[in-house]
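I have placed the structure first, in the form of structure tokens, so that the comments after it can refer back to it.
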Amino acid sequence: MPRPGERCRYPTESKQLQRWLIDYIAHAFRDVQLGDGMTIYTGESHDRYGDADEDRKSLSAERIDWQRVPVADLLERHCALSFLDAAGLRFYTPAIMTIIVRDADPKGLLTDAFLFHLHDIRASCRVRDTPFCVIYNQAQRSAIIRFVKYLVHNTPGGGIDPALQKTLDKLPRCCLEPHKFG
């Protein structure tokens, strides 16, 4: 949550809307596990050109329930997103979206990194080398689209962020275009 005197990045008048979206995200991603995907600790180690502490943390990292990933660990490892494989990004996506909806990213670094990757997905309809429609199921894609829609309509100052609007326009079409699957 923002500290007293700080402005929320994506404030909303309705805590009820936030709660609904958080529950929607949790339901859509309820069965997602990391499996053999890359952890944020390994991603952070890559960003640092190798870090033994991060590699050790990766050995005991949460891999079953994304809701048990410590928020502080995600906030401190925003650069790791650039190195995650598709399975890693899928596993951390709901946790990151929930942090953003809760306005729990005071510096905005995780938010900026995640939105950068969403914009990249929008442009290519891929998560790394995997099609968007393969890595995320229909419910998860719907949660991501609702998340982006939430941000579009809750941008500070009431203006529309053109990049978010493009992402909102393009993501739903990624799975309608047959050439994007293969």
Where a Cα-Cα gap under 19 Å defines reach, which lysines qualify for Lys149, not counting those fewer than 8 residues away within the same chain? Lys15, Lys166, Lys170
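Within the chain, what's the longest stretch lacking chymotrypsin sites (Phe, Trp or Tyr not before Pro) that sit in DSSP loops with no more than 14 other Cβ atoms inside 10 Å? Write out the running numbers ahead of the final one.
Values: sites that count: Tyr49, Phe181.
Answer - 50-180.
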Point-to-point label distance, Arg63-Ala26, nm (Cα→Cβ direction, 7 Å offset): 2.5 nm
What is the gain in length, in nm to one decimal, between Tyr49 and Val71 on full extension, counting 0.36 nm per residue of separation less the C-alpha to C-alpha distance? 5.6 nm
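Taking DSSP loops as anything outside H, G, I, E and B, show the longest stretch in the chain free of GluC sites (Glu not before Pro) there with at most 15 other beta carbons within 10 Å. Before the final figure, lay out the partial values.
On the way: sites that count: Glu6, Glu13.
Longest site-free region, per DSSP loop and neighbour criteria: 14-182.
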Label Leu17 and Ser124 with points 7 Å out from Cα along Cα→Cβ: what is the distance between them in nm? 3.3 nm
If I build a Gaussian network model for the chain, linking alpha-carbon pairs within less than 10 angstrom, which residue out of Leu171, Leu17, Leu74 has the largest mean-square fluctuation? Leu17
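If you take all C-alpha pairs in the chain, what percent of them are over 22 Å apart?
On the way: 7292 of 16471 pairs.
Counting every Cα pair in the chain, those more than 22 Å apart make up 44 percent.
Can you give the net charge of the other residues whose Cβ lies under 10 Å from the Cβ of Asp36, counting K and R as +1 and D and E as -1? Working shown, then result.
Working: positive: Arg63; negative: Asp85.
Its environment carries a net charge of 0.
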Selection from His117, Tyr92, Asn137 lying farthest towards where the dipole of the range 71-146 points positive, charges on Cβ: Asn137
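Every number here is computed from the coordinates shown, using simple stated rules; none is lab data. Note that this is a predicted model, so its numbers are computed, not measured. A quick note on method: Cβ atoms are made from the backbone with ideal geometry, for glycine too, and the neighbour counts reach across all protein chains shown.
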